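All remarks here apply to the structure that follows.
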Amino acid sequence: MNTSLHSSKSLTNVMLLVLLALVPGTAAYAWLISPMVFINIIFCILIASTTEAVCMRLRDRSVAVALRDGSIVLAATLLALAVPPQLPFWQLGLGAVAMVVLGKQIYGGLGQNLFNPAMVGFAFLMVSFPQTMTIWIDNLQQSVSMGQLLQAKLFVQTNIPWDSITQATPLESIRLASQYSAGQPVALTQTALNQQLINSPWPIINFGFLAGGLWLLYKRVITWHIPVSIITTLFLLHGLLTLTSSQPQISAMFAVVSGATMLGAFFIATDPVTAATSNIGRIIYGIGIGSLTFVVREWGGYPEGFAFAVLLMNMCVPLIDSTLNRHA
């Protein structure tokens with residue numbers, strides 16, 4: 001997002017607009033995956049706000065000022081949206097603490113951080129708890145009550161048949177399905193792979209976040225450079241792979257409405273503190289994120305690479321900005 005476009009608006013108002021833009025995608029997530037996402041958001045906000053308050057008190061800074069701007073609420077909401085809904089509370093809490101301490105306060109607080117805080121928390125959880133972070137509830141197949149999920153998240157014994165109601169993300173399932181087995185291609189055509197994605201809830205969820213992102217563009221909270229460059233890069237690379245690969249691949253169109261594409265492109269990568277500052281720099285930054293996301297998706301050890309792509313490009317921002325400034 002570009003807060004410089006809002007000289008008449010406070011940072012709090014900008015954060016509120018972004019939170020409102022998350023509503024369509026979050027509502028679709030709660031409807032199609034699990035309403036547990038609302039519990040996760042509230043829990044993550046409470047842990048992150050408490051950690052922020054403790055850090056500010058230890059630094060002898062104003063707690064009220066730090067919490068009033070809404071930045072930690074937005075970061076906590078993004079982290080909660082990025083993790084599986086059944087992630088145990090203690091793991092989500094650790095991720096929220098890591099997000100605040102390692103992603104924000106260790107650099108000096110708001111405006112000083114090098115890395116996107118929400119993605120720091122997500123990466124911490126992904127490398128620490130890869131099993132629970134890559135298994136998602138499939139509520140489209142079986143009904144699981146909120147009470148059962150709450151018990152499971154608290155590590156209370158339940159009768160939930162986890163093996164039958166959970167699945168890898170569609171991206172991981174599709175990648176595995178398109179691989180060769182014993183020298184022979186798995187019997188799934190490109191049409192079948194596309195149908196597998198269509199039958200998943202993620203296209204609808206991504207369209208919800210796309211609608212919110214377009215509203216942010218309309219309200220001039222963000223500019224088009226980063227989201228358009230990310231989505232275009234992913235579309236072109238997946239399209240090229242589809243044309244050249246000997247294995248079945250999902251189409252480029254379906255690739256950009258899967259995974260974390262829309263949430264990441266419009267709400268995460270556009271963070272004004274950690275993104276490039278010039279328009280050309282933002283396009284370069286977005287192309288880098290799209291390219292790295294594609295590489296991790298296709299050849300990395302994780303089904304989705306957006307968080308790692310953002311963090312790697314965060315490190316490149318000073319070089320991008322300084323290089324462009326020298327040649328300006």
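Every number here is computed from the coordinates shown, using simple stated rules; none is lab data. As the structure is a prediction and not an experimental result, all values here were calculated from the model. Cβ sites come from the backbone with ideal geometry, for glycine too, and all protein chains shown count toward neighbours.
Points worth noting:
- Phi to ³J(HN,Hα) by Karplus 6.51 cos²θ - 1.76 cosθ + 1.60 over the stretch 15-32, Hz, x for Gly, Pro: 4, 5, 4, 5, 4, 5, 5, 6, 4, x, x, 5, 5, 5, 4, 5, 6, 8
- Gyration tensor (alpha-carbon) shape descriptor, the stretch 19-128, a/c threshold 1.5: prolate
- Take the Cα of ALA53, step 7 Å toward its Cβ, do the same at LEU16, and the gap between the two points is 2.1 nm.
- Segment GLN112-GLN131, length gained on full extension (0.36 nm per residue, minus Cα span): 3.6 nm
- The stretch 227-247 versus the stretch 32-68: alpha-carbon centroid distance in Å: 37
- FRET efficiency for LEU240 and ARG326, using Cβ-Cβ distance with R0 set to 45 Å, rounded to 0.05: 0.85
- Phi to ³J(HN,Hα) by Karplus 6.51 cos²θ - 1.76 cosθ + 1.60 over the stretch 292-297, Hz, x for Gly, Pro: 5, 4, 4, 4, 5, 4
- Note, ³J(HN,Hα) from phi for the stretch 272-284, Karplus 6.51, -1.76, 1.60, rounded to Hz, x at Gly and Pro: x, 6, 9, 9, 5, 9, 8, 5, 5, x, 5, 5, 4
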